[in-house]
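Below is one structure, written out as C-alpha coordinates; comments come after it.
The values are calculated or read from the model by the stated rules, or taken from the named source; none is laboratory data. What you see is a predicted model; the values in this text were computed from it and never measured. A quick note on method: Cβ atoms are made from the backbone with ideal geometry, for glycine too, and the neighbour counts reach across all protein chains shown. All accessible areas refer to the heavy atoms of the entire protein, side chains included, with ligands and DNA or RNA removed. Shrake-Rupley method; radii C 1.70, N 1.55, O 1.52, S 1.80 Å.
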Amino acid sequence: MHNRCLKYKTDVILTQEMSQNYPKDSLDRFGDDMCEHILSYLTLEDRFRCECVSKQWRRLIYTTQTDFMCTYSQTPFIYCKLFVDYERIIRALLHKCVNLSYIEIRDQRFNERIGSMLDIIADCFHNPLNEISLPLNGSQWEPSGDHMIQLLDERLTEQIPSAMRKTSGLPLNQWIKHQLNRQYANVKLSVKL
Amino acid sequence: MADNADHIDGDDNEDVRAQQNLIKIKLKSSEGGIYECGLTAAKMSDLVKNMVESLGTDAVVTTEPIILGNEAVTDAALKKIIEWVEFHWDDPPVDHDFEDEKDRRNEELSHWDKQFIDVDDQALLFDVIAAANYMDIKGLVEVGAKHICSKIRGKSCQEVREMLKITNDFTAEEEDAIHKENAWIYAKD
(Lines give C-alpha, C1' and ligand atoms only; values in the text may rest on other atoms or scores of the structure.)
Protein backbone atom coordinates (compact mmCIF):
# COMPACT_ATOMS: atom_id res chain seq x y z
CA MET A 1 0.00 0.00 0.00
CA HIS A 2 2.75 2.35 1.02
CA ASN A 3 4.64 1.52 -2.15
CA ARG A 4 1.65 2.24 -4.28
CA CYS A 5 1.32 5.70 -2.79
CA LEU A 6 4.91 6.47 -3.58
CA LYS A 7 4.50 5.32 -7.13
CA TYR A 8 1.46 7.50 -7.57
CA LYS A 9 3.41 10.53 -6.39
CA THR A 10 6.21 9.81 -8.85
CA ASP A 11 3.72 9.62 -11.70
CA VAL A 12 2.27 12.98 -10.79
CA ILE A 13 5.71 14.59 -10.79
CA LEU A 14 6.52 13.12 -14.20
CA THR A 15 3.28 14.40 -15.65
CA GLN A 16 3.94 17.88 -14.32
CA GLU A 17 7.39 17.91 -15.87
CA MET A 18 5.98 16.87 -19.21
CA SER A 19 3.45 19.70 -19.19
CA GLN A 20 6.21 22.25 -18.59
CA ASN A 21 7.55 21.67 -22.08
CA TYR A 22 8.68 24.71 -23.99
CA PRO A 23 6.80 25.82 -27.11
CA LYS A 24 7.93 23.82 -30.13
CA ASP A 25 8.92 26.93 -32.06
CA SER A 26 11.14 28.21 -29.24
CA LEU A 27 14.87 27.52 -29.19
CA ASP A 28 14.50 27.19 -25.40
CA ARG A 29 13.23 23.64 -26.09
CA PHE A 30 16.80 22.46 -26.70
CA GLY A 31 18.94 21.25 -23.82
CA ASP A 32 22.48 22.44 -23.22
CA ASP A 33 24.23 19.92 -25.48
CA MET A 34 22.14 20.74 -28.53
CA CYS A 35 22.14 24.47 -27.83
CA GLU A 36 25.93 24.48 -27.44
CA HIS A 37 26.30 22.60 -30.70
CA ILE A 38 24.07 25.03 -32.59
CA LEU A 39 25.90 28.06 -31.16
CA SER A 40 29.26 26.52 -32.09
CA TYR A 41 28.70 27.73 -35.66
CA LEU A 42 28.47 31.41 -34.65
CA THR A 43 31.19 33.83 -35.59
CA LEU A 44 33.19 35.27 -32.70
CA GLU A 45 31.56 38.66 -33.28
CA ASP A 46 28.08 37.18 -32.97
CA ARG A 47 29.09 35.39 -29.79
CA PHE A 48 30.03 38.68 -28.11
CA ARG A 49 26.92 40.34 -29.46
CA CYS A 50 24.53 37.59 -28.32
CA GLU A 51 25.96 36.71 -24.91
CA CYS A 52 23.06 38.40 -23.16
CA VAL A 53 20.25 36.63 -25.06
CA SER A 54 19.59 34.27 -22.12
CA LYS A 55 21.37 32.57 -19.23
CA GLN A 56 21.66 29.37 -21.26
CA TRP A 57 23.36 31.26 -24.08
CA ARG A 58 25.68 33.07 -21.72
CA ARG A 59 26.73 29.71 -20.27
CA LEU A 60 27.36 28.06 -23.65
CA ILE A 61 28.12 30.68 -26.25
CA TYR A 62 31.91 30.90 -25.73
CA THR A 63 32.76 27.31 -24.80
CA THR A 64 33.18 26.12 -28.40
CA GLN A 65 35.45 29.00 -29.48
CA THR A 66 38.83 27.28 -29.59
CA ASP A 67 40.79 29.59 -31.86
CA PHE A 68 41.10 33.24 -32.71
CA MET A 69 42.47 34.10 -36.12
CA CYS A 70 42.40 37.81 -36.52
CA THR A 71 42.03 38.45 -40.21
CA TYR A 72 39.78 40.89 -41.98
CA SER A 73 37.88 38.16 -43.79
CA GLN A 74 37.14 36.10 -40.68
CA THR A 75 36.22 38.78 -38.17
CA PRO A 76 36.13 42.16 -39.95
CA PHE A 77 34.67 44.08 -37.05
CA ILE A 78 37.04 42.72 -34.43
CA TYR A 79 39.96 43.16 -36.84
CA CYS A 80 39.20 46.88 -37.14
CA LYS A 81 38.51 47.29 -33.42
CA LEU A 82 41.82 45.67 -32.57
CA PHE A 83 43.65 48.77 -33.86
CA VAL A 84 41.65 50.97 -31.52
CA ASP A 85 41.23 48.95 -28.36
CA TYR A 86 43.30 45.79 -28.45
CA GLU A 87 43.71 45.58 -24.69
CA ARG A 88 39.99 45.33 -24.02
CA ILE A 89 39.46 42.85 -26.84
CA ILE A 90 42.30 40.49 -25.95
CA ARG A 91 41.31 40.57 -22.29
CA ALA A 92 37.66 39.85 -23.16
CA LEU A 93 38.71 37.07 -25.52
CA LEU A 94 40.90 35.29 -23.00
CA HIS A 95 38.54 35.92 -20.14
CA LYS A 96 35.37 34.69 -21.85
CA CYS A 97 36.58 31.99 -24.24
CA VAL A 98 37.75 29.51 -21.64
CA ASN A 99 38.66 26.84 -24.19
CA LEU A 100 40.68 29.09 -26.48
CA SER A 101 43.80 27.19 -27.48
CA TYR A 102 45.14 29.12 -30.47
CA ILE A 103 45.69 32.81 -31.15
CA GLU A 104 46.89 34.05 -34.51
CA ILE A 105 47.48 37.73 -35.19
CA ARG A 106 49.82 37.69 -38.13
CA ASP A 107 48.97 40.93 -39.87
CA GLN A 108 52.13 43.07 -40.10
CA ARG A 109 50.10 46.14 -39.25
CA PHE A 110 49.95 44.98 -35.65
CA ASN A 111 53.75 44.90 -35.37
CA GLU A 112 54.05 47.99 -33.19
CA ARG A 113 51.57 46.61 -30.71
CA ILE A 114 52.97 43.09 -30.45
CA GLY A 115 54.95 43.75 -27.26
CA SER A 116 51.92 45.09 -25.40
CA MET A 117 49.71 42.36 -26.82
CA LEU A 118 52.07 39.75 -25.43
CA ASP A 119 51.95 41.45 -22.05
CA ILE A 120 48.19 41.17 -22.03
CA ILE A 121 48.16 37.59 -23.29
CA ALA A 122 50.67 36.58 -20.63
CA ASP A 123 48.67 38.45 -18.01
CA CYS A 124 45.42 36.65 -18.90
CA PHE A 125 47.08 33.34 -19.71
CA HIS A 126 44.98 30.26 -19.14
CA ASN A 127 45.78 26.61 -19.58
CA PRO A 128 44.09 25.55 -22.83
CA LEU A 129 46.08 28.19 -24.72
CA ASN A 130 48.87 26.27 -26.37
CA GLU A 131 49.81 28.14 -29.52
CA ILE A 132 50.34 31.81 -30.25
CA SER A 133 51.21 32.96 -33.73
CA LEU A 134 52.27 36.56 -34.14
CA PRO A 135 54.18 38.60 -36.72
CA LEU A 136 57.63 39.93 -36.03
CA ASN A 137 60.08 41.64 -38.30
CA GLY A 138 63.85 41.57 -37.98
CA SER A 139 64.32 44.89 -36.18
CA GLN A 140 61.78 44.01 -33.52
CA TRP A 141 63.06 40.57 -33.10
CA GLU A 142 65.49 40.97 -30.21
CA PRO A 143 63.42 42.98 -27.74
CA SER A 144 60.14 41.28 -28.51
CA GLY A 145 61.64 37.81 -28.61
CA ASP A 146 63.36 38.20 -25.24
CA HIS A 147 60.34 39.92 -23.86
CA MET A 148 58.18 37.05 -24.99
CA ILE A 149 60.42 34.44 -23.43
CA GLN A 150 60.58 36.32 -20.17
CA LEU A 151 56.83 36.88 -20.03
CA LEU A 152 55.86 33.38 -20.95
CA ASP A 153 58.44 31.78 -18.75
CA GLU A 154 57.31 33.76 -15.73
CA ARG A 155 53.67 32.98 -16.33
CA LEU A 156 54.07 29.41 -17.39
CA THR A 157 56.27 28.26 -14.55
CA GLU A 158 53.32 29.12 -12.33
CA GLN A 159 50.61 27.61 -14.45
CA ILE A 160 51.88 24.58 -16.28
CA PRO A 161 52.81 21.44 -14.38
CA SER A 162 56.53 20.75 -14.48
CA ALA A 163 56.01 17.61 -16.54
CA MET A 164 54.62 19.70 -19.39
CA ARG A 165 57.31 22.34 -19.11
CA LYS A 166 59.92 20.12 -20.66
CA THR A 167 59.83 19.26 -24.30
CA SER A 168 62.50 17.14 -25.91
CA GLY A 169 64.56 17.44 -22.76
CA LEU A 170 64.97 21.23 -22.85
CA PRO A 171 63.85 23.48 -20.04
CA LEU A 172 60.97 25.67 -21.13
CA ASN A 173 62.86 28.91 -21.78
CA GLN A 174 65.48 27.13 -23.87
CA TRP A 175 62.79 25.30 -25.71
CA ILE A 176 60.95 28.53 -26.52
CA LYS A 177 64.22 30.06 -27.74
CA HIS A 178 64.75 27.01 -29.87
CA GLN A 179 61.27 27.41 -31.34
CA LEU A 180 61.81 31.13 -31.91
CA ASN A 181 65.08 30.51 -33.70
CA ARG A 182 63.49 27.97 -35.96
CA GLN A 183 60.88 30.49 -36.98
CA TYR A 184 63.26 33.41 -37.35
CA ALA A 185 63.86 32.86 -41.06
CA ASN A 186 60.16 33.35 -41.77
CA VAL A 187 60.01 36.57 -39.75
CA LYS A 188 57.10 35.05 -37.95
CA LEU A 189 56.88 34.20 -34.33
CA SER A 190 55.04 31.03 -33.63
CA VAL A 191 55.30 29.46 -30.25
CA LYS A 192 53.79 26.13 -29.45
CA LEU A 193 53.58 25.82 -25.70
CA MET B 1 21.70 -15.59 -44.18
CA ALA B 2 25.43 -14.85 -44.03
CA ASP B 3 25.33 -13.65 -47.62
CA ASN B 4 22.58 -11.20 -46.80
CA ALA B 5 24.41 -9.78 -43.82
CA ASP B 6 27.56 -9.24 -45.90
CA HIS B 7 25.46 -7.67 -48.57
CA ILE B 8 24.05 -5.07 -46.18
CA ASP B 9 27.44 -4.26 -44.64
CA GLY B 10 29.19 -3.76 -47.99
CA ASP B 11 28.90 0.03 -47.98
CA ASP B 12 32.24 0.86 -49.53
CA ASN B 13 31.34 0.06 -53.08
CA GLU B 14 29.35 2.78 -54.86
CA ASP B 15 27.43 0.32 -57.00
CA VAL B 16 26.42 -1.65 -53.95
CA ARG B 17 25.27 1.55 -52.27
CA ALA B 18 23.22 2.51 -55.32
CA GLN B 19 21.74 -0.96 -55.57
CA GLN B 20 20.91 -1.02 -51.89
CA ASN B 21 19.15 2.29 -52.13
CA LEU B 22 16.65 0.58 -54.45
CA ILE B 23 15.61 -1.48 -51.43
CA LYS B 24 12.88 0.46 -49.70
CA ILE B 25 12.43 0.30 -45.95
CA LYS B 26 9.64 1.77 -43.86
CA LEU B 27 10.13 4.41 -41.19
CA LYS B 28 7.38 5.14 -38.67
CA SER B 29 7.04 8.56 -37.07
CA SER B 30 6.01 9.16 -33.46
CA GLU B 31 2.62 10.24 -34.83
CA GLY B 32 2.18 6.87 -36.52
CA GLY B 33 2.78 7.85 -40.15
CA ILE B 34 4.74 5.28 -42.19
CA TYR B 35 7.08 6.48 -44.95
CA GLU B 36 9.30 4.64 -47.41
CA CYS B 37 12.98 5.42 -47.74
CA GLY B 38 15.91 3.95 -49.68
CA LEU B 39 18.07 1.70 -47.50
CA THR B 40 21.36 3.50 -48.14
CA ALA B 41 19.70 6.87 -47.57
CA ALA B 42 18.04 5.71 -44.36
CA LYS B 43 21.36 4.42 -43.08
CA MET B 44 22.71 7.98 -43.05
CA SER B 45 20.96 7.87 -39.70
CA ASP B 46 23.28 6.04 -37.35
CA LEU B 47 20.25 5.08 -35.27
CA VAL B 48 18.51 3.44 -38.26
CA LYS B 49 21.80 1.92 -39.43
CA ASN B 50 22.31 0.20 -36.08
CA MET B 51 18.70 -1.00 -35.98
CA VAL B 52 18.87 -2.39 -39.53
CA GLU B 53 22.16 -4.12 -38.88
CA SER B 54 20.85 -5.69 -35.69
CA LEU B 55 17.91 -7.09 -37.69
CA GLY B 56 20.29 -8.66 -40.17
CA THR B 57 18.24 -9.60 -43.21
CA ASP B 58 16.61 -7.64 -46.03
CA ALA B 59 13.40 -9.61 -45.61
CA VAL B 60 12.68 -8.31 -42.12
CA VAL B 61 13.99 -4.84 -42.93
CA THR B 62 11.60 -4.28 -45.81
CA THR B 63 8.43 -5.54 -44.15
CA GLU B 64 8.50 -4.22 -40.58
CA PRO B 65 8.58 -0.44 -40.15
CA ILE B 66 11.37 0.99 -38.00
CA ILE B 67 9.75 2.92 -35.18
CA LEU B 68 11.18 6.34 -34.38
CA GLY B 69 9.57 7.03 -31.02
CA ASN B 70 11.01 10.47 -30.22
CA GLU B 71 8.30 13.13 -30.18
CA ALA B 72 10.33 15.40 -32.46
CA VAL B 73 9.94 12.80 -35.23
CA THR B 74 6.56 14.09 -36.40
CA ASP B 75 5.12 13.14 -39.79
CA ALA B 76 6.20 16.48 -41.25
CA ALA B 77 9.73 16.27 -39.78
CA LEU B 78 10.21 12.69 -40.95
CA LYS B 79 9.13 13.63 -44.49
CA LYS B 80 11.70 16.44 -44.52
CA ILE B 81 14.40 14.13 -43.17
CA ILE B 82 13.69 11.51 -45.83
CA GLU B 83 13.84 14.24 -48.49
CA TRP B 84 17.29 15.23 -47.16
CA VAL B 85 18.79 11.74 -46.94
CA GLU B 86 17.38 10.77 -50.34
CA PHE B 87 19.24 13.77 -51.81
CA HIS B 88 22.48 13.23 -49.90
CA TRP B 89 22.90 9.45 -49.69
CA ASP B 90 25.64 9.35 -52.34
CA ASP B 91 27.69 12.22 -50.87
CA PRO B 92 31.32 11.29 -50.22
CA PRO B 93 31.68 10.08 -46.62
CA VAL B 94 32.67 12.65 -43.99
CA ASP B 95 35.19 11.95 -41.28
CA HIS B 96 34.21 14.12 -38.36
CA ASP B 97 37.53 13.59 -36.60
CA PHE B 98 39.58 14.57 -39.61
CA GLU B 99 41.76 17.68 -39.85
CA ASP B 100 39.63 19.55 -42.37
CA GLU B 101 36.75 19.54 -39.87
CA LYS B 102 37.47 23.23 -39.29
CA ASP B 103 37.23 24.08 -42.99
CA ARG B 104 33.97 22.19 -43.28
CA ARG B 105 32.53 24.01 -40.30
CA ASN B 106 33.26 27.35 -41.95
CA GLU B 107 31.94 26.26 -45.32
CA GLU B 108 28.69 27.80 -46.49
CA LEU B 109 25.68 25.59 -47.06
CA SER B 110 25.04 24.45 -50.61
CA HIS B 111 22.24 26.11 -52.54
CA TRP B 112 20.12 22.96 -52.26
CA ASP B 113 20.60 22.71 -48.48
CA LYS B 114 19.79 26.40 -48.04
CA GLN B 115 16.52 26.01 -49.92
CA PHE B 116 15.75 22.78 -48.12
CA ILE B 117 16.24 24.09 -44.58
CA ASP B 118 14.74 27.56 -45.08
CA VAL B 119 11.22 26.64 -43.89
CA ASP B 120 8.76 29.25 -42.64
CA ASP B 121 7.44 27.02 -39.87
CA GLN B 122 10.00 27.36 -37.06
CA ALA B 123 8.44 24.53 -35.01
CA LEU B 124 9.04 22.24 -38.00
CA LEU B 125 12.61 23.51 -38.40
CA PHE B 126 13.36 22.75 -34.74
CA ASP B 127 11.59 19.36 -35.01
CA VAL B 128 13.79 18.47 -37.99
CA ILE B 129 16.95 19.42 -36.07
CA ALA B 130 15.87 17.61 -32.89
CA ALA B 131 14.75 14.55 -34.88
CA ALA B 132 17.98 14.51 -36.90
CA ASN B 133 19.86 14.67 -33.61
CA TYR B 134 17.81 11.78 -32.20
CA MET B 135 18.31 9.77 -35.39
CA ASP B 136 22.01 10.67 -35.34
CA ILE B 137 22.28 12.26 -38.77
CA LYS B 138 25.26 14.55 -38.14
CA GLY B 139 25.21 16.20 -41.56
CA LEU B 140 21.62 17.32 -41.23
CA VAL B 141 22.08 18.59 -37.67
CA GLU B 142 24.95 20.65 -39.03
CA VAL B 143 22.78 22.07 -41.82
CA GLY B 144 20.17 23.11 -39.24
CA ALA B 145 22.73 24.64 -36.89
CA LYS B 146 24.43 26.59 -39.68
CA HIS B 147 21.09 27.86 -40.89
CA ILE B 148 20.14 29.16 -37.44
CA CYS B 149 23.55 30.80 -37.01
CA SER B 150 23.30 32.46 -40.42
CA LYS B 151 19.97 33.97 -39.33
CA ILE B 152 21.53 35.24 -36.09
CA ARG B 153 24.40 36.98 -37.93
CA GLY B 154 24.53 40.69 -37.17
CA LYS B 155 21.30 40.77 -35.15
CA SER B 156 20.91 42.35 -31.72
CA CYS B 157 20.07 40.27 -28.63
CA GLN B 158 16.48 41.44 -28.68
CA GLU B 159 16.07 40.64 -32.38
CA VAL B 160 17.53 37.16 -31.79
CA ARG B 161 15.17 36.55 -28.86
CA GLU B 162 12.16 37.56 -30.91
CA MET B 163 13.17 35.49 -33.92
CA LEU B 164 13.99 32.30 -31.98
CA LYS B 165 11.34 32.88 -29.28
CA ILE B 166 13.85 32.76 -26.44
CA THR B 167 12.78 33.91 -22.98
CA ASN B 168 15.01 36.58 -21.50
CA ASP B 169 15.71 35.29 -18.00
CA PHE B 170 18.10 38.06 -17.02
CA THR B 171 17.10 40.91 -14.75
CA ALA B 172 17.46 44.35 -16.29
CA GLU B 173 20.55 44.92 -14.13
CA GLU B 174 22.19 41.67 -15.19
CA GLU B 175 21.56 42.39 -18.84
CA ASP B 176 22.89 45.88 -18.46
CA ALA B 177 26.09 44.59 -16.86
CA ILE B 178 26.78 42.17 -19.75
CA HIS B 179 25.99 44.91 -22.23
CA LYS B 180 28.57 47.15 -20.56
CA GLU B 181 31.19 44.37 -20.63
CA ASN B 182 30.66 43.94 -24.34
CA ALA B 183 30.02 47.59 -25.14
CA TRP B 184 32.89 47.63 -27.64
CA ILE B 185 31.16 45.11 -29.92
CA TYR B 186 28.05 47.28 -30.16
CA ALA B 187 29.95 50.49 -30.93
CA LYS B 188 29.51 51.49 -34.54
CA ASP B 189 32.80 53.24 -35.39
| Gain in length, B:SER156 to B:GLU36, computed as 0.36 nm per residue apart minus the alpha-carbon separation, to one decimal in nm? | 39.0 nm
| field | Distance between modelled label sites at A:THR71 and B:ASP100, nm, 7 Å Cα→Cβ extension | value | 1.6
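On average, how much accessible surface per residue is there in chain B, in Å², for a 1.4 Å probe, leaving out ligands, DNA and RNA?
That works out to 54 Å² per residue.
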| task | Rounded to the nearest 0.05, what FRET efficiency do A:ASP32 and A:GLN108 give with R0 = 35 Å and r taken as the Cβ-Cβ distance? Could you check? | result | 0.25
| note | Once accessible area is computed for A alone, B alone and the pair with a 1.4 Å probe, the total buried surface, to the nearest 100 Å², works out to 3700
| remark: Expressed in square angstrom to the nearest 10, the accessible area of A:LYS55 with a 1.4 Å probe stands at 90
| remark: Taking Cα pairs closer than 8 Å and at least 6 residues apart, the relative contact order of chain B in percent is 19
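Calculate the FRET efficiency for B:THR62 and A:VAL84 from the Cβ-Cβ distance with a Förster distance of 45 Å, rounded to the nearest 0.05.
0.10
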| remark: One finds, for A:HIS126 and B:ALA187 with R0 = 22 angstrom and r their Cβ-Cβ distance, a FRET efficiency to the nearest 0.05 of 0.25
